[in-house]
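Below you'll find the structure, written out as structure tokens, and then a few comments.
The values are calculated or read from the model by the stated rules, or taken from the named source; none is laboratory data. As the structure is a computational prediction, the values presented were derived from the model and not from experiment. All Cβ positions, even for glycine, are placed from backbone atoms using ideal geometry, and neighbour counts span all protein chains on display.
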Amino acid sequence: MRFIHEHRGQFAVALLLRVLNIGASTYYAWVEQAEQPCDRDVVDLGLTSNIYEIWETSGRTYGADRVHR
């Protein structure tokens, strides 16, 4: 989907969707979800940044078990 989104200025979206055999509703649902993420996606993004911060602080040595604690 990112490919279509990145090249929509160069090619018609309908053409890209047809060539890649992707339904228009699938693409536009992806666009809408990217613009307005659900609550769970927002929470996941926050958790991901916390995990990355813990991992960086550990000198990139902590694995999943240590980060979980």
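If Ala34 satisfies all but one of (1) modelled with pLDDT under 90; (2) in contact with a Leu (Cβ under 9 Å, 6 or more places away or on another chain), what's the number of the condition it fails?
(2)
Name every residue in segment 20-67 that is of a type in the set (D, E, K, R) and more than 18 Å from Arg2 (Cα to Cα), in order of residue number. Don't jump to the end; show me each part of the working.
Restricting attention to segment 20-67, the residues satisfying the condition of being of a type in the set (D, E, K, R) are 32, 35, 39-41, 44, 53, 56, 60, 65-66.
The answer is Asp39, Arg40, Asp44, Glu53, Glu56, Arg60, Asp65, Arg66.
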